[in-house]
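The structure under discussion appears below in the form of structure tokens.
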């Protein structure tokens with residue numbers, strides 16, 4: 001993969017509320033090939049709907065969306081239960 005960037009478009013309330021598809025276009029114009037869309041909350045209908053929009057916006061701009069779930073529990077104290 002070439003140049004990419006981590007984004008909080010689905011991780012923080014401000015990131016979700018201030019998301020703008022024009023930023024996706026601007027990132028692509030700046031030469032980025034992918035974005036890592038970080039997620040920390042448990043999936044619910046609103047989050048999944050928002051992710052659908054963000055992913056669709058990325059794909060329309062040929063910007064590869066990578067979804068990364070923030071697994072603090074596993075990172076801080078890994079157990080087999082966190083993997084399941």
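Each value in this text was obtained by applying a stated rule to the coordinates, not by laboratory testing. In this text the structure is predicted, and so the values were computed from the model without any measurement. Counting neighbours? That spans all protein chains shown, and the Cβs are built from the backbone with ideal geometry, glycine included.
Which length gain, in nm to one decimal place, applies between residue 48 and residue 33 when the Cα-Cα distance is subtracted from 0.36 nm times their residue separation?
Between residue 48 and residue 33, full extension yields an extra 3.1 nm.
Restricting to segment 4-79, compute how many DSSP beta bridges are antiparallel as a %, nearest 5.
Of all bridge pairs located within segment 4-79, approximately 0 percent are antiparallel.
If packing is taken as the average count of other Cβ atoms within 10 Å, what order do 30-36, 4-10, 40-46 fall into, highest mean first?
4-10, 30-36, 40-46
Extension gain residue 69-residue 8, at 0.36 nm per residue separation less the Cα-Cα distance, in nm?
Full-extension gain reported as 20.8 nm.
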